[in-house]
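So the structure is just underneath, and the comments pick up after that.
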Amino acid sequence: MLCILGPTASGKSSLAMALAQHDSRIEIVSMDSALVYKGMDIGTAKPSSQDQLAVPHHLLDLIAPSETYSAARFVRDAHEACEKVRSRQKIPILVGGTMLYFKAYRDGLDDLPSAPPTLRDAISARAADQGWPALHRELAQIDPNTAARLKPTDAQRISRALELFELTGKTMSALIAQSAPRSRPGPGAREALEVIALEPTDRSILHARIAQRFNQMIKDGFLDEVTRLMAQGTLRPDLPSMRCVGYRQAWEHLEGRTNTQEFLEAGLAATRQLAKRQLTWIRSFESVTRIDPFDQNSLLQLPRLCESLIH
C-alpha cells in the first residue's frame with residue numbers, strides 16, 4: 001500500500017488527487033489529526049466538497065471538536081477503512097502529515113495501561129488551578145526525558161505522562177523502553193507499506209507556500225469559522241482541537257489578546273514550527289523514498305514513481 005508523507009503545504013493532497021484522477025480505483029485515507037474534527041474546515045485545509053465528490057476520502061469529520069482522538073484509534077480506523085476500500089476492489093492510499101499516526105500505523109503502538117477517567121479528571125483539575133506549564137515542570141522532575149520533548153502547553157501528552165506515573169510508579173520513558181510494541185491489526189506481513197516522503201530541500205519555498213496558504217485561509221473566512229466554534233460553548237482553548245496550528249492563535253486573537261498583525265505573525269510562526277517538526281520526523285524514518293516536491297525534475301518523476309509503487 002502507498003503512503004504519502006510530507007510537511008504542511010508541501011503538496012501531499014494535490015499529489016494524491018492527481019493520482020486518484022489518473023486512476024479511478026484510488027481512494028484517499030486521511031492521516032491528519034486535524035481533519036477528524038467536524039466544522040474545522042478552513043483552518044485545516046480540509047479537502048473541498050468538490051474534491052470529496054470527485055475522489056472518495058476517508059477519516060474526515062469523525063468527531064466533534066469537543067472530543068479527543070488518539071493514535072490508537074487512528075490505527076484501528078485506518079485499517080478498517082483500508083479493508084473496506086479493498087473489499088470494493090479499490091486501492092487505498094494513506095495521505096497526511098501527522099507523523100505520530102504514521103509511526104503508529106507502520107510500527108505499532110506501545111502497550112501502555114489506560115488511565116481511569118477519575119485520574120484524568122484529577123490531573124485536569126490541577127492544571128486548571130496551576131496551569132499546564134506548572135505540571136510540565138512537575139513532569140520534568142519526574143521524567144526529564146519525556147518532559148524535554150513536550151511543550152509546556154501540550155496538555156494531552158503531559159497529562160498522559162503524569163497518568164502513567166500515578167498508575168504505575170514508573171515514568172513514561174521507562175515504560176516505553178520496557179513495552180513490546182503491539183502487533184498491528186492490519187496488513188502485517190501480507191503487504192508492504194511503500195512510503196513517499198515529500199522533503200523540501202529549500203525551506204524558503206516551503207515558508208512562502210505556508211504564508212500564501214495561511215493568507216488564503218484568512219480571506220476564506222478562517223476567523224469566522226473559529227468564531228462559530230467558540231459560540232458553541234462546548235470548547236476550551238486547551239482542547240486538542242483548539243490547540244491545532246492556527247486555531248490557538250485565532251482563539252487568542254478573538255479574545256482580544258493579540259492584534260491582527262500579532263495574530264498573523266503568530267499563526268505563520270506556529271505553522272512553520274509545525275513544518276519543522278514534521279521534517280524532523282521524516283528525516284528519522286527509514287525505508288522511505290524521499291522526493292523534493294519543489295524540484296522540477298523530481299516533480300516530473302513523482303506521478304510515475306507513485307504509480308509504480310501502487311502497481
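The values are calculated or read from the model by the stated rules, or taken from the named source; none is laboratory data. Only a predicted model underlies this, so the values are computations on that prediction, with no experimental measurement involved. Every residue, glycine as well, gets a Cβ built from its backbone with ideal geometry; the counts of neighbours run over all protein chains shown.
Of the residues making up region 65-105, those that are part of a loop (DSSP other than H, G, I, E, B) and surrounded by 14 or more Cβ atoms within 10 Å (Cβ to Cβ) number 8.
Residue by residue, here is whether (1) within 30 Å of V195 (Cα to Cα); (2) among the small types (G, A, S) holds:
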residue	(1), (2)
L229	no, no
G233	no, yes
P237	no, no
E252	no, no
G267	yes, yes
R272	yes, no
K276	yes, no
I291	yes, no
Q296	yes, no
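Criterion first (modelled with pLDDT of 95 or more, in a helix (DSSP H, G or I) and under 23 Å from R203 (Cβ atoms)) does M230 satisfy it?
Details: modelled with pLDDT of 95 or more: yes; in a helix (DSSP H, G or I): yes; under 23 Å from R203 (Cβ atoms): no.
Here the answer is no, as M230 does not meet what is asked.
What do you reckon, is G186 modelled with pLDDT of 95 or more and either within 24 Å of T260 (Cβ to Cβ) or within 21 Å of the chain's Cα centre (by Cα) (or both)? Answer is no for this residue.
Only one of these is under 14 Å from the mean Cα position of the chain (by Cα) and either surrounded by fewer than 21 Cβ atoms within 10 Å (Cβ to Cβ) or farther than 21 Å from D220 by Cβ (or both): V29, V36. Name it.
Working: V36 fails: either surrounded by fewer than 21 Cβ atoms within 10 Å (Cβ to Cβ) or farther than 21 Å from D220 by Cβ (or both).
Answer to the selection: V29.
Given the options Q278, Q301, name the one that is assigned to a helix (DSSP H, G or I) and over 30 Å from Q89 (Cβ atoms).
Of Q278, Q301, the one residue that is assigned to a helix (DSSP H, G or I) and over 30 Å from Q89 (Cβ atoms) is Q278.
If you go through region 112-121 one residue at a time, do you hit one that is closer than 13 Å to I26 by Cα and among the aliphatic types (A, V, I, L, M)? No, every residue in region 112-121 fails to be closer than 13 Å to I26 by Cα and among the aliphatic types (A, V, I, L, M). Against the test of being crowded, with 18+ Cβ neighbours inside 10 Å and in a helix (DSSP H, G or I), the options H207, H253 yield a single qualifying residue, H253.
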